[in-house]
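Scroll down for the structure; my scribbles are underneath it.
The values are calculated or read from the model by the stated rules, or taken from the named source; none is laboratory data. For clarity, every value in this text was computed on a predicted model and none was experimentally measured. Glycine gets a Cβ as well: all are built from the backbone with ideal geometry, and neighbour counts include every protein chain shown. For accessibility, only protein heavy atoms count, side chains too; no ligands or nucleic acids. Shrake-Rupley method; radii C 1.70, N 1.55, O 1.52, S 1.80 Å.
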Amino acid sequence: MSVSKTPNSKAVCKVNAQKMKAMVISSPGWPEVLQLQEVDEPELKDDEVLIKVEASGLNQADTVQRSGAYPPPKGASHYLGVECSGTTLALGKSVSRWKIGDQDAASLPEVVCTVWSTVFMMSQLSAGETFLVHGGSSGIGTFAIQITKYYGARVFVTAGSDEKLAVCKDLGADVCINYKTEDFVKRVKEETDGKGVDVIQDHIGASYLKQNLESLNFDGRLFIIGTMGGSVTEVDLRALLSKRLTVQSAGLRYRSPENKAVIVCEVEKNVWPAIVAGRQRLTSSWKAVVTLEGYCLSLNSVDDLVAQMDDDM
């Protein structure tokens, strides 16, 4: 199900309000291009719900969209915030499961659906296998550590400071590697008796491809979810052939609503019970939106960030 989002402001206190407030990208650029503006309330479609937003998650995808390099899919909202928390105000004609007054949580959907769909549904990580996630202190990383550990994997992480690695260790990571001071390929091989890990989740892309392939065990699976280190590189295909390696890539943004629904159903069945039981720790930072954007751009953040909406915005 898709969601129409409205920031929590006086303009949306009533379902029939025609205007709302939103952070608008005035032009592609740095955080300063964000402007708080009064805009038209979204038109509710038959398969959507209208949410009064209490908080909005801030993901890397939002900062890249703000720069103009990651446009939303056709028909999707062009306002920032790929996930939100709030209260359901209205239901589309085809909506049957949800009811007015239902609530949801920001900083969960994007991360949880990304990790579950890529690591478990597509890469088929199983208990007893080894798993490496780059950027272990990010929102993706902190959740990936916990859920893969929960399902019985041995977890490796990379991060750029001892402070970040301490967070990863506290969340359950077994092997913590500072990529600024260590060769992660060498460390992975040392910790696996020269075999390598079974699954890698990577958001760096081109600049890490060769090292990632070297770090994989026979029948290993590499899943690429980002290209922060570039999108174009060369690879010796013999590296894949000799070790029977699989390389896959995908994101949530351009999946069809039907495909997203399948992922959400799998998450509800396999992940939500662990969250409800308190087996997954959830952390996030609360700051003003523009300050939040600058903080995210510095790449010093731990976990995803959440921007709380204020009635006086």
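What to note about this one:
- Count of region 97-143 residues which are within 9 Å of the chain's Cα centre (by Cα), aliphatic (A, V, I, L, M) and open to solvent by less than 10 Å² (accessible area, probe 1.4 Å): 3
- Filter result for G230 (open to solvent by 20 Å² or more (accessible area, probe 1.4 Å) and among the small types (G, A, S)): yes
- Region 216-245, residues that are under 21 Å from H134 (Cα atoms), free of Cβ contacts under 8 Å to residues at least 60 places away in the same chain and not aliphatic (A, V, I, L, M): F218, D219, G220, T227, G229, G230, S231, T233, E234
- Hits in region 173-188 (condition: out of contact with any Cys (no Cβ under 6 Å at 6 or more places or on another chain), open to solvent by 20 Å² or more (accessible area, probe 1.4 Å), within 23 Å of N217 (Cβ to Cβ) and not in a helix (DSSP H, G or I)): D174, Y179, E182, D183
- Residue identified as at pLDDT 90 or above and within 28 Å of V262 (Cβ to Cβ) among D40, D46: D46
- Per-region count, region 114-145, residues closer than 21 Å to N178 by Cα and touching a strand residue (DSSP E or B) at 6+ places or on another chain (Cβ under 9 Å): 14
- Across region 121-146, the number of residues qualifying as under 21 Å from T192 (Cα atoms) and either touching a residue at least 60 places away in the same chain (Cβ under 8 Å) or of a type in the set (S, T, N, Q) (or both) comes to 12.
- Only a single criterion out of (1) part of a loop (DSSP other than H, G, I, E, B); (2) open to solvent by 40 Å² or more (accessible area, probe 1.4 Å) is not satisfied by S207, namely (1).
- Every residue from region 237-271 that is open to solvent by less than 50 Å² (accessible area, probe 1.4 Å), among the basic types (K, R) and part of a helix (DSSP H, G or I): K243
- Flag if K74 is modelled with pLDDT of 90 or more, surrounded by fewer than 21 Cβ atoms within 10 Å (Cβ to Cβ) and more than 29 Å from T148 (Cβ to Cβ): no
- Some residue of region 215-226 being farther than 21 Å from I147 by Cα and in contact with a Phe, Trp or Tyr (Cβ under 9 Å, 6 or more places away or on another chain): yes
- Looking only at residues in region 273-291 that are surrounded by 14 or more Cβ atoms within 10 Å (Cβ to Cβ) and in a helix (DSSP H, G or I), the one that is modelled with the highest pLDDT is A274.
A quick yes/no check of all residues on (1) in contact with a His (Cβ under 9 Å, 6 or more places away or on another chain); (2) within 23 Å of W116 (Cβ to Cβ):
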| position | (1), (2) |
| --- | --- |
| F143 | no, yes |
| G152 | no, yes |
| I177 | no, no |
| K180 | no, no |
| F184 | yes, no |
| K189 | no, no |
| I200 | yes, yes |
| L209 | no, no |
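- Residue in region 66-80 that is touching a Ser or Thr at 6+ places or on another chain (Cβ under 6 Å) and not charged (D, E, K, R) present: no
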